[in-house]
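Trainee: This structure is in structure tokens; I'll ask about it shortly.
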Amino acid sequence: MDPVVAVGVGVLWLLFNLFGRKKPSSQARPTQPPIKPQPAARAPRLQGVSVRGAPEVVVDFDDEAEGIAARRIAAVRENERPLGASDRLKFDDRIRREAADATATPRVDLAQLRNAIVWREILGPPVSLRHLTDQ
């Protein structure tokens, strides 16, 4: 076994034995039923009366919701047709107008490439073990 791995296994074994196991307590503790939290007391709510005593105003958004649903259905019906060549050209123009910066990959210069290779040599596996990892 590799010495580094052996040391790592030893450290893990030590940590498991120190912190991982629960030791039985020498004193038996009496078991008590768990304490359930009491719900917060709430004042009874009177229907139609607000906290200050003024009558509540009922707000109804059903009419607005029906209008929104009708506009959505109309928008779907406008676009509900087979796509033609002109639609494809419009889509192609739209996606080609995107900024090149949003889709371009950053250029890598020679110094960055050299640093990447050096760091791979430093942090990578030893040369004798590379045939096991580079498959």
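Trainee: With (1) at pLDDT below 75; (2) surrounded by 10 or more Cβ atoms within 10 Å (Cβ to Cβ); (3) aliphatic (A, V, I, L, M) as the list, and V9 as the residue in question, which single condition is left unmet?
Mentor: Failed condition: (1).
Trainee: For E56, are the conditions met, namely being surrounded by 10 or more Cβ atoms within 10 Å (Cβ to Cβ) and either at pLDDT 80 or above or over 30 Å from D2 (Cα atoms) (or both)?
Mentor: Yes: the conditions hold for E56.
The values are calculated or read from the model by the stated rules, or taken from the named source; none is laboratory data. Here the structure is a predicted model, which is why all the values come from computation and not from measurement. Here Cβ is always computed from backbone atoms with ideal geometry, including for glycine, and neighbour counts include all displayed protein chains.
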